[in-house]
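Let me begin by presenting the structure, written as structure tokens, before commenting on it.
The values are calculated or read from the model by the stated rules, or taken from the named source; none is laboratory data. All values reported here derive from a predicted model rather than from experimental measurement. Here the Cβ positions follow ideal geometry from the backbone for every residue, glycine too, while neighbour counts run over all protein chains shown. Just the protein is used for accessible areas: all its heavy atoms, side chains included, with ligands, DNA and RNA removed. Shrake-Rupley method; radii C 1.70, N 1.55, O 1.52, S 1.80 Å.
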Amino acid sequence: MALELKYNAQSVEDKWYSYWMEHNYFHSEVDDRVPYTIVIPPPNVTGVLHMGHMLNNTLQDVLIRRARLLGYNACWVPGTDHASIATEAKVVAKLKAEGIQKADISREEFVDHAWEWTYKHGGIILEQLKKLGASCDWERTCFTMDDDLSASVIKVFVDLYRKGNIYRGYRMVNWDPQAQTTLSDEEVVYEEKQGNLYYLQYKIEGTKDFVTIATTRPETILGDTAVCINPADERHTHLKGKKVVVPICNRVIPIIEDEYVSMEFGTGCLKVTPAHDENDKMLGDKHGLEVIDILNDDGSLNSFGLQYEGKDRFVAREEIVKELESQGVIIKIEQHISKVGTSERTGAIIEPKLSDQWFLKMKDLAQPALDAVLEKEINLVPEKFINTYRHWMENVRDWNISRQLWWGQRIPAYFYGDGKEDFVVAESQQEAIEMAREKTGNANLNETDLKQEADVVDTWFSSWLWPMSVFNGILEPDNKEINYYYPTNDIVTAPEILFFWVARMIIAGYEYRGEKPFTNVYLTGIVRDKQRRKMSKSLGNSPDPIGLMEHYGADGVRVGMLLSSPAGNDLMFDEDLCKQGSSFVNKIWNSYRLIDGWEVSEEKEETETAAIAIKWYQSKFNETLAEIEDHYSKYRISDALMATYKLVWDDFCSWLLEMVKPEYGQPISSKTYSEVISIMEDNLKILHPFVPFVTEEIWQHISKRSPEDALIIASWPKTEGFDAQLIKDFDFNAQVISGVRTIRKEKNISFKKSIVLSVINSEKTTARFDPVIKKLGNISEVKYISEKPEGALSFRVKSNEYFVPVTGSINVEEEIAKLTEELKYNQGFLRSVQNKLKNERFISGAPEKVIAMEKQKEADALAKIETIKASLAGLR
């Protein structure tokens with residue numbers, strides 16, 4: 001069947017993805033082959049595809065498709081994350097739109113709504129990945145709230161608690177008032193924000209004097225329980241033992257002394273608010289201060305906020321400032337830039353908050369994971385992230401793993417009394433009852449006497465088990481799948497979750513398997529726009545990936561994403577890249593259309609031109625294949641694509657096909673045709689990981705194939721030796737052909753007109769490419785001469801000089817005048833460059849690169865002048 005004139009991406013993609021799914025090529029089972037395993041970084045279950053997903057999953061698909069071609073048992077496990085904070089927020093918003101408040105329904109009802117939302121909206125992103133061509137083992141799709149995965153989380157929590165690694169503590173935590181939950185330190189993003197620094201006067205009790213304190217958060221004065229001075233600060237000796245009165249609430253608080261206060265910064269008097277600042281809490285503990293929390297969970301003021309009760313913290317701040325100004329308490333306000341913690345999930349400004357939370361001790365657990373990276377048992381690509389990783393792991397803090405949410409794995413702690421320590425931790429309620437009876441000595445305790453902890457674990461506490469839990473390696477640690485697929489090979493993810501996820505997976509791997517979870521961590525860059533801004537909905541600078549694929553085809557977008565995405569470096573995305581990718585796909589398509597349109601003759605002998613061309617391309621292919629293999633081994637996927645791109649576009653399409661194609665209306669020899677088809681098939685194999693759809697379409701069109709012969713499971717070409725001299729000789733002769741074509745074009749010598757090419761062969765080059773020069777330059781004869789001929793234009797390739805006769809082709813007098821003018825210009829340019837190079841001030845002050853560029857200009861100008869002089873000599 002004839003190929004369509006234009007490549008139809010939509011129909012081709014639908015056809016071959018369905019074919020791949022129908023024949024189960026993506027599915028993996030344990031067998032005798034060597035496994036190659038990737039687990040997908042699970043996107044949020046309710047998320048939709050964005051450009052970051054596109055880049056990440058294209059890279060994974062390139063790796064997994066190549067592994068299949070290399071003969072590995074390739075297994076790419078897909079799945080989604082339940083994303084506690086994000087999903088709960090969406091469900092709360094949905095219920096609110098229906099007139100239902102979360103507080104008005106039971107936990108069980110809310111979780112039912114969350115599951116309903118998940119079933120309705122979850123998995124959209126996985127379907128979108130299929131459009132991209134992602135060859136995941138969809139039969140293995142997992143969800144972090146699946147029964148087995150949830151049971152794994154509970155089992156690990158109980159195990160770590162019993163080992164003494166999990167504890168419950170009353171600590172200062174990061175509180176997100178919008179999500180109304182705690183966050184780990186890693187989920188807080190610090191941003192520089194413009195604010196104000198308020199200088200306030202607190203009256204010294206029983207006097208008319210004041211002390212001055214400075215604060216960026218004037219609403220928190222309502223929680224002040226002391227003012228602190230440095231005992232060595234002579235300015236404040238008179239304040240020792242005194243008390244001050246807090247404005248508005250008129251609370252009398254002591255002046256305490258501590259060396260913590262800097263004498264160089266500010267007024268030397270520090271307001272102490274133990275409930276709302278971590279450092280103040282440490283001071284408060286040391287000096288036995290009262291703790292007064294002025295905020296509700298939603299960020300509004302509570303009863304300690306007095307007349308501001310119920311008002312949002314920022315609204316209250318403005319009103320409190322007005323009241324303080326009216327009382328004459330504020331003596332000045334300065335603009336102030338400070339780093340403010342914001343929620344990585346909601347963007348809300350974080351409040352320090354004292355709360356009973358669950359923590360995981362990290363220091364000892366982190367050590368094997370740190371050693372693994374430093375000792376290169378696990379490779380970070382690029383290596384520039386090793387120091388960042390080391391800094392974080394060496395300074396790791398205990399992980400706050402509890403979240404005040406209902407959607408997620410509920411913490412398996414069961415309280416049997418009112419005391420803070422009156423609880424047991426167990427995998428089931430029945431086990432908890434038995435433990436509580438033993439702990440209390442009360443054999444009559446039953447489930448109604450137990451109250452399970454309301455909090456759920458941090459989402460990352462489930463996804464840190466992902467490489468194990470997807471193979472049920474926690475519940476059944478010796479099952480055949482975990483023993484076969486684990487450790488996995490590669491993980492492809494973004495640097496911003498190196499600590500949230502990657503480091504913790506490594507920690508969990510060593511804790512529960514005694515070995516690494518993967519060998520290589522490929523860290524992608526951030527996808528940015530041309531102005532280097534991170535793509536986001538709010539900026540409106542993020543294109544719709546589905547729209548891009550509909551316009552440029554999935555293959556075109558895949559190439560566009562990878563053309564400029566070196567590992568660890570940000571990708572400056574431009575839609576023109578997808579256009580370039582689409583053009584490449586069309587180039588591949590049209591190259592095969594050309595081949596497919598040739599008439600083949602069994603009788604015709606292979607031409608000299610075709611024979612040397614085939615031999616050259618086979619060497620060039622093997623040279624490039626070795627380069628591509630090197631790029632893959634170093635995870636330079638973008639470079640591997642570029643090497644493949646140049647081989648196919650330049651060497652195959654622009655050179656080989658031009659060399660072997662038959663004369664117009666003539667057939668091609670069957671020998672040449674077979675060799676070109678074999679070359680095309682090898683090209684398709686190395687192209688397939690990047691452009692799977694167009695390559696499978698062409699592969700299946702070349703000949704009728706059984707499902708066992710599909711390209712997706714073909715064999716990757718084996719690297720063979722190559723003739724480096726042959727490649728070098730071709731590169732030289734390619735310049736000769738370009739020189740002939742340039743003269744033809746510049747002098748309007750018709751390409752249909754056959755000409756003689758003479759050469760003074762100073763380089764002693766071989767004549768084996770002369771048939772190619774003749775064909776591509778329309779040269780009737782290549783003459784080897786020792787003297788320059790008269791009436792000819794010339795050009796040089798290295799020290800060889802080539803001559804094209806011009807008699808009767810051009811007006812000689814006009815050409816002499818034109819070349820003379822060109823000679824004068826180049827001589828003037830050369831003088832200006834040489835004068836610059838003679839200038840000592842320039843040489844001593846300019847960077848080496850600039851000097852090198854000027855020297856290159858000099859060399860180019862000298863060569864150009866030599867060529868023009870030779871052409872003039874030939875015309876006179």
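Considering every Cα-Cα pair within the stretch 497-639, what fraction, in whole percent, is farther apart than 28 Å?
Details: 4741 of 10153 pairs.
Counting pairs separated by more than 28 Å, the tail of P(r) holds 47 percent.
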Please enumerate, by chain and number, the lysines with C-alpha under 18 Å from the C-alpha of residue 604, excluding those fewer than 8 residues away in the same chain. 661, 671, 775
Over the Cα atoms of the stretch 45-129, each weighted equally, I'd like the Debye log10 I(q)/I(0) at q = 0.11 Å⁻¹, rounded to two decimals. -0.45
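For residue 709, what is the net charge nearby, where nearby means another residue's Cβ is under 13 Å from its Cβ and Lys, Arg count +1, Asp, Glu -1?
On the way: positive: 685, 704, 705; negative: 681, 696, 708.
It works out to a net charge of 0.
Taking a 1.4 Å probe, which of 557, 48 shows the most accessible area, and what order do the others take after it?
Numbers: 557 0, 48 75 Å².
Solvent-accessible surface, decreasing: 48, 557.
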Charge tally in the Cβ shell below 9 Å around residue 458, where Lys, Arg are +1 and Asp, Glu are -1, residue 458 excluded: 0
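Counting only protein heavy atoms and a 1.4 Å probe, tell me what percentage of the chain's accessible area is made up of carbon and sulfur. Walk me through the intermediate numbers first.
On the way: 19210 of 39960 Å².
Within the chain, the accessible surface is 48 percent carbon and sulfur.
Just the ratio, please: alpha-carbon radius of gyration of the stretch 696-849 over 2.2 N^0.38 Å, N its number of residues.
Values: Rg = 23.8 Å, N = 154, 2.2 N^0.38 = 14.9 Å.
Compared with the compact-globule rule of thumb, the stretch 696-849 sits at 1.59.
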Amide N of the stretch 325-364 lying under 19 Å from the label point, which is placed 7 angstrom from the Cα of residue 392 along Cα→Cβ: 341-347, 360-364
Treating only Lys and Arg (+1) and Asp and Glu (-1) as charged, each at its beta carbon, one finds that the stretch 690-778 has a dipole about its Cα centre, in Debye to the nearest 20, of 740
Restricting attention to the stretch 405-512, which GluC sites (Glu not before Pro) occupy a DSSP loop and are surrounded by at most 12 other Cβ atoms within 10 Å? 421
Over the Cα atoms of the stretch 160-309, what radius of gyration and what Dmax do you get, in Å? 17.3, 59
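Here are some pairs, 798/855; 376/718; 620/704; 6/587; 311/353; 836/864; which of them have Cα atoms lying more than 21 Å apart in this structure?
The pairs that break the limit, which is 21 Å between Cα atoms, are 376/718; 620/704.
Apply the a/c threshold of 1.5 to the C-alpha gyration tensor of the stretch 765-876 and tell me whether it is rounded, prolate or oblate.
On the way: a/c = 3.44, a/b = 1.77, b/c = 1.95.
Judged from the Cα gyration tensor, the stretch 765-876 comes out oblate (a/c at least 1.5, b/c at or above a/b).
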To the nearest 10 square angstrom, what accessible area does residue 159 show with a 1.4 Å probe? 50
Restricted to the chain, the DSSP antiparallel beta bridge percent, nearest 5, is 70
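At 1.4 Å probe size, put 124, 785, 38, 248 in order of accessible surface, largest to smallest. Walk me through the intermediate numbers first.
Working: 124 70, 785 45, 38 0, 248 25 Å².
Per-residue accessible area, sorted high to low, gives 124, 785, 248, 38.
Can you work out the FRET efficiency for the pair residue 678 and residue 785, with r the C-beta to C-beta distance and R0 = 30 Å, to the nearest 0.05? Walk me through the numbers on the way to the answer.
Details: r = 40 Å, r/R0 = 1.32.
After rounding to 0.05, the efficiency reads 0.15.
Sort the following peptides by mean Cβ neighbour count (other Cβ atoms within 10 Å, averaged over residues), highest first: 259-265, 213-219, 54-60. If you can, show how the numbers build up before the last one.
Working: 259-265: 12.4, 213-219: 19.6, 54-60: 24.3.
In descending order of packing, they fall as 54-60, 213-219, 259-265.
So if R0 is 56 Å, what FRET efficiency would residue 763 and residue 11 give, r being the distance between their Cβ atoms, rounded to the nearest 0.05?
Values: r = 52 Å, r/R0 = 0.93.
The pair residue 763/residue 11 has a calculated efficiency of 0.60.
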Rough spin-label spacing in nm, given labels placed 7 Å along Cα→Cβ, for residue 260 and residue 191: 2.9
Taking just the C-alpha trace of the chain, give me its Rg and Dmax in Å. 36.8, 119
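Set the Förster distance to 25 Å, then compute FRET efficiency between residue 31 and residue 147 from the Cβ-Cβ distance, nearest 0.05. Don't skip to the answer; put the middle values down first.
Details: r = 27 Å, r/R0 = 1.09.
Efficiency at R0 = 25 Å is approximately 0.35.
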Hey, got a sec? Which trypsin sites (Lys or Arg not before Pro) in the stretch 488-537 land in a DSSP loop and have at most 15 other Cβ atoms within 10 Å? 530, 532, 533, 537
Here the gain from full extension of residue 318 to residue 212, 0.36 nm per residue of separation minus their alpha-carbon distance, amounts to 36.2 nm
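Over the chain, give the accessible area per residue in Å² for a 1.4 Å probe, as an integer.
Numbers: 39960 Å² over 876 residues.
Ligands and nucleic acids excluded, the result is 46 Å² per residue.
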Would you kindly derive the ³J(HN,Hα) couplings of the stretch 27-34 from the backbone phi angles with the Karplus curve 6.51 cos²θ - 1.76 cosθ + 1.60 (θ = phi - 60°), listing them in order in whole Hz, with x for Gly and Pro? 7, 10, 10, 4, 8, 8, 6, 6
Separation in nanometres of the label points that stand 7 Å from Cα toward Cβ, at residue 307 and residue 576: 6.3
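Assigning unit charges at the beta carbon (Lys, Arg +1; Asp, Glu -1) and nothing else, what dipole magnitude in debye, to the nearest 20, does the chain show about its Cα centre? Before the final figure, lay out each step's value.
Numbers: 105 positive and 136 negative charges, 705 e Å.
Charge dipole of the chain: 3380 debye, to the nearest 20.
Heavy atoms only, 1.4 Å probe, whole protein assembly: order 27, 82 by accessible area, highest first. Don't jump to the answer; show the numbers that get you there.
Working: 27 45, 82 0 Å².
Heavy-atom accessible area, descending, gives 27, 82.
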Checked the stretch 575-647 against the a/c 1.5 cut and the a/b vs b/c comparison, axes a ≥ b ≥ c from its Cα gyration tensor; verdict oblate
Test of understanding: express the Cα radius of gyration of the stretch 394-528 as a ratio to 2.2 N^0.38 Å, with N the residue count. 1.33
Two decimals is fine: what is log10 I(q)/I(0) at q = 0.12, 0.16, 0.20 Å⁻¹ for the stretch 601-727, from a Debye sum with one equal scatterer on every Cα and no solvent? -0.49, -0.86, -1.24
Distance in nm between pseudo-label sites at residue 602 and residue 526 (7 Å out along the Cβ direction from Cα): 6.5
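Taking loop as defined by DSSP and a crowding limit of 10 other beta carbons within 10 Å, which GluC sites (Glu not before Pro) in the stretch 782-873 fit?
Details: sites: 787, 790, 801, 813, 814, 815, 821, 822, 840, 848, 854, 858, 866; in loops: 787, 790.
Listed in order of number, the matching sites are 787.
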